[in-house]
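S.K.: Pasting in a structure now, in structure tokens, and then I'll have a few things to ask.
The values are calculated or read from the model by the stated rules, or taken from the named source; none is laboratory data. It should be emphasised that the depicted structure is a prediction, and the values quoted were computed from it without experimental measurement. Here the Cβ is made from the backbone with ideal geometry for all residues, glycine too, and neighbour counts use every protein chain on show.
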Amino acid sequence: MSQDNQNNAEEPSVDSDSKDPRVARREKMRQIVAKGIDPFGSRYDDRTMMGRCHELASEIRWVQADGTEVELPDFDDPQLDYRQWKADHSPGSENGPTVRVAGRIMLSRGQGKLFFLTLKDWTGEIQIFVGQKQVGDDDFELAKLFDLGDLVAAEGRLGRTNTGELTVFAEKLTFQTKMLEPPPDKHAGLTNQDLKQRMRYADLAFNDGVIETFLNRTKIVKSVRNTLDLQGFCEVEGPTLHTVAGGAAARPFATHHNALDMPLTMRIALELHLKRLMVGGMERVYELGRVYRNEGISPKHNPEFTMLECYQAYGDYHSMMDLTEQIIVQAIEAIGGGFVREYDGHQVDFTPPFKRATYAELFQQATGIAPQDEDAVLGLAKDLKLETENRHLDVIRNEIFEEKVEDSLQGPIFVIDYPASICPLTKRKRDNPEIAERFELFVLGMELANAYTELNDPDLQQELFETQLQGLDEEESMAKMDHDFIRALRYAMPPAGGLGVGIDRLVMLLTGKKSIRDIILFPLQRPET
């Protein structure tokens, strides 16, 4: 680790008399080995998860001396004095199920011949009562060698302490793994953002709520797949190495295949190969996978990110709006918490149906200028210090839209009917070829989804590609024109709707995280020096 990173790291907690906690931990490990115990554990998979222990709490019974059962009190009642309740119901005793739990030690307290541990697994936490009389001398001596962060297992009766806290009253202890590094400070936690992302394992293990965020990400992704599968879509896997970087306007990562001696790029989008599959007769296809763009890093951008793209034959952008709404609504239902969600100090109401408004009407509302008023648009662009020389009016108008409109969109809102000239892969409206059948979904100024009624005219598609490539020399044009895709369209691609959703941004919004780096397990970082 670099000196800078060492200076930024949180001070470790010292849980022994040694000045160096790492030395003390290794000494305890040596003593564990001396007892004939493997400090790195063994199989213990027939265990009860912490979350399940809390469910099993309902099976705890209070049995009087004569064998009759007494209903336990309401443990959610803040006025409950369980110690007094027990005294009032003596003679009697608790009778709970036997459980086997394993997890990381997050807290240890007590002295003499008894103490309490708090163990954590990925479903929750539970308290463990360790008494010398209950576990025996050998296990109690072993317990004295436990450190915060160690992985241990306990078997015993599930019950409640005199304060009513759900507890496993251990009868047997099993050591699972020694943690050789000191944990972060138990009060401050791991707070340095660079270290949290670089040492995600420590972030997950010791910072509250982190593992829940990433488990929610898993639930969201699973829900997206489930929504599409139930709609009859087929999940496929396209190539990540492309000979032509297509389907989006972005800078690719370049690489080289040695055996074939040919340049390749990492994919910047999923689109063009999925459309080839529709030509072949796969009428509803999707891919949920990684794409790579050799561009900047920001709270909303990571060079490697997860994208959903799906295509529905014989649909259009209205079909995709309905599908997008279903995907988001069902993802919210999968993680719970309701449709009104907090994000960066704002409340966003995802209750369907989502609002829909045209690009032109939103432009006029935000600027007071009719989008077709060329002189007024150019005047506003100059006021905003935007470049106007030798640029298409629609490009200038879109830069104004991005600056003046997008950030004001609370959403969720579908912005529909974009200028056709900035949408080269999109079918035009029949009654107005200047307008493309396209939408973008915005929430709090963030683009979340992009969809088209897909262009399937091969001649028009080639013409639009060529227009995009104007200004490049012949060699660059040949390198960037996807001639095979044009050929595929000549084999007849059905009319279709297509959708792209940024999964990372969706997870950000639904989990309330302001940075994409907080919902990607291992975001790209500079190497440690």
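Each row is one residue, and each column tells you yes or no for (1) in the same structural domain as residue 513 (by TED's automatic domain parsing); (2) touching a residue at least 24 places away in the same chain (Cβ under 8 Å); (3) polar (S, T, N, Q).
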site: 177; (1), (2), (3): no, yes, yes
site: 190; (1), (2), (3): no, yes, no
site: 216; (1), (2), (3): yes, yes, yes
site: 220; (1), (2), (3): yes, yes, no
site: 224; (1), (2), (3): yes, yes, no
site: 229; (1), (2), (3): yes, no, no
site: 244; (1), (2), (3): yes, yes, no
site: 252; (1), (2), (3): yes, yes, no
site: 255; (1), (2), (3): yes, no, yes
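S.K.: Moving on to the next point. Among the candidates 36, 110, 67, single out the residue that is within 30 Å of residue 191 (Cβ to Cβ) and either of a type in the set (Gly, Ala, Ser) or not in a helix (DSSP H, G or I) (or both). Walk me through it before giving the result.
M.R.: Details: 36 fails: within 30 Å of residue 191 (Cβ to Cβ); 67 fails: within 30 Å of residue 191 (Cβ to Cβ).
When all the criteria are applied, what remains is 110.
S.K.: If you don't mind, another one. Look through region 410-424, keep the residues that are aliphatic (A, V, I, L, M) and under 29 Å from the mean Cα position of the chain (by Cα), and return whichever of them is surrounded by the most Cβ atoms within 10 Å (Cβ to Cβ).
M.R.: So the residue we want is 415.
S.K.: Right, residue 149: within 12 Å of residue 127 (Cβ to Cβ) and of a type in the set (Gly, Ala, Ser) or not?
M.R.: So residue 149 fails the test.
S.K.: State all residues of region 193-219 that are surrounded by 15 or more Cβ atoms within 10 Å (Cβ to Cβ) and farther than 17 Å from residue 513 by Cβ; if no residue qualifies, say none.
M.R.: The answer is 195, 198, 199, 202, 205, 206.
S.K.: Can I ask one more? Return the residues of region 40-64 that are in a loop (DSSP other than H, G, I, E, B) and either of a type in the set (Lys, Arg) or closer than 30 Å to residue 145 by Cα (or both); say none if nothing qualifies.
M.R.: Those that are in a loop (DSSP other than H, G, I, E, B) and either of a type in the set (Lys, Arg) or closer than 30 Å to residue 145 by Cα (or both): 40, 41, 42, 43, 44, 45, 46, 47, 48, 49.
S.K.: Pick from region 33-51 the residues that are among the charged types (D, E, K, R) and either in contact with a Phe, Trp or Tyr (Cβ under 8 Å, 6 or more places away or on another chain) or loosely packed, with under 15 Cβ neighbours inside 10 Å (or both): which of them is farthest from residue 179 (Cα to Cα)?
M.R.: Here the residue is 46.
S.K.: Which pairs do you get when a residue that is touching a residue at least 60 places away in the same chain (Cβ under 8 Å), found in region 284-303, comes within reach of a residue that is hydroxyl-bearing (Ser, Thr, Tyr), reach meaning Cβ atoms under 8 angstrom, with the pair 6+ apart or on two chains?
M.R.: 288/306; 299/515; 303/292
S.K.: Are there any pairs with C-beta distances below 8 angstrom linking a residue in region 69-84 that is of a type in the set (Asp, Glu) to a residue that is surrounded by 13 or more Cβ atoms within 10 Å (Cβ to Cβ), with the two at least 6 apart or on different chains, and if so which?
M.R.: Cβ pairs passing all conditions: 69/61; 69/62; 69/63; 71/62; 74/80.
S.K.: Pick out, from region 369-478, the strands (runs of 3 or more DSSP E) lying fully within it that include 2 or more residues that are farther than 30 Å from residue 349 by Cα.
M.R.: Details: elements: 413-419, 432-443, 446-453.
Correct list: 432-443.
S.K.: Looking at 391, 397, 438, 428, which is the one that is basic (Lys, Arg) and in contact with a Cys (Cβ under 7 Å, 6 or more places away or on another chain)? Quick ask: steps written out before the conclusion?
M.R.: Working: 391 fails: in contact with a Cys (Cβ under 7 Å, 6 or more places away or on another chain); 397 fails: in contact with a Cys (Cβ under 7 Å, 6 or more places away or on another chain); 428 fails: in contact with a Cys (Cβ under 7 Å, 6 or more places away or on another chain).
Residue meeting the stated conditions: 438.
S.K.: Okay, moving on. Out of the residues in region 479-515 meeting the condition of being assigned to a loop (DSSP other than H, G, I, E, B) and basic (Lys, Arg), tell me which one is farthest from the chain's Cα centre (by Cα).
M.R.: Only one residue fits best here, namely 514.
S.K.: Now, a different point. For the condition of a type in the set (Asp, Glu), touching a residue at least 60 places away in the same chain (Cβ under 8 Å) and closer than 23 Å to residue 97 by Cα, what is the one hit in 181, 165, 125, 155?
M.R.: Numbers: 181 fails: closer than 23 Å to residue 97 by Cα; 165 fails: touching a residue at least 60 places away in the same chain (Cβ under 8 Å); 155 fails: touching a residue at least 60 places away in the same chain (Cβ under 8 Å).
None of the other options fit; the residue is 125.
S.K.: How many residues does region 161-183 contain that are among the basic types (Lys, Arg) and buried (at least 21 other Cβ atoms within 10 Å of the Cβ)?
M.R.: 1
S.K.: Which of the residues spanning region 364-409 are more than 34 Å from the chain's Cα centre (by Cα), of a type in the set (Gly, Ala, Ser) and either on the phi < 0 side of the Ramachandran plot or assigned by TED's automatic domain parsing to the domain that holds residue 424 (or both)?
M.R.: 370, 376, 379, 381
S.K.: Name the residue, out of 27, 94, that is without any contact (Cβ under 8 Å) to a residue 24 or more places away in the chain and either in contact with a helix residue (DSSP H, G or I) (Cβ under 8 Å, 6 or more places away or on another chain) or outside any loop (DSSP other than H, G, I, E, B) (or both).
M.R.: 27
S.K.: Given the criteria touching a residue at least 12 places away in the same chain (Cβ under 8 Å), among the charged types (D, E, K, R), more than 30 Å from residue 326 (Cβ to Cβ) and assigned to a loop (DSSP other than H, G, I, E, B), does residue 147 qualify?
M.R.: yes
S.K.: Okay, next question. Provide a single number: the residues in region 312-344 that are assigned to a helix (DSSP H, G or I) and either without any contact (Cβ under 8 Å) to a residue 60 or more places away in the chain or of a type in the set (A, V, I, L, M, F, W, C) (or both).
M.R.: Of the residues in region 312-344, 12 are assigned to a helix (DSSP H, G or I) and either without any contact (Cβ under 8 Å) to a residue 60 or more places away in the chain or of a type in the set (A, V, I, L, M, F, W, C) (or both).
S.K.: Quick check: anything in region 100-107 small (Gly, Ala, Ser) and surrounded by 12 or more Cβ atoms within 10 Å (Cβ to Cβ)?
M.R.: Yes, some residue in region 100-107 is small (Gly, Ala, Ser) and surrounded by 12 or more Cβ atoms within 10 Å (Cβ to Cβ).
S.K.: Evaluate region 313-320: report whether one residue or more is surrounded by 20 or more Cβ atoms within 10 Å (Cβ to Cβ), modelled with pLDDT of 95 or more and under 12 Å from residue 500 (Cα atoms).
M.R.: yes
S.K.: Right, another one. If you check residue 240 against the conditions, is it of a type in the set (S, T, N, Q), farther than 24 Å from residue 509 by Cβ, assigned by TED's automatic domain parsing to the domain that holds residue 322 and in contact (Cβ under 8 Å) with a residue 40 or more places away in the chain?
M.R.: Spelling it out, residue 240 is indeed of a type in the set (S, T, N, Q), farther than 24 Å from residue 509 by Cβ, assigned by TED's automatic domain parsing to the domain that holds residue 322 and in contact (Cβ under 8 Å) with a residue 40 or more places away in the chain.
S.K.: Which ones in region 351-361 are touching a strand residue (DSSP E or B) at 6+ places or on another chain (Cβ under 6 Å) and in a helix (DSSP H, G or I)?
M.R.: 359
S.K.: Another question, if that's okay. Collect the residues in region 52-82 that are farther than 13 Å from residue 159 by Cα and loosely packed, with under 12 Cβ neighbours inside 10 Å, keeping them in residue-number order.
M.R.: Pass one, region 52-82, residues farther than 13 Å from residue 159 by Cα: 52, 64-71, 73-74, 76-81.
Across region 52-82, the qualifying residues are 65, 66, 67, 68, 69, 71, 74, 76, 77, 78, 79.
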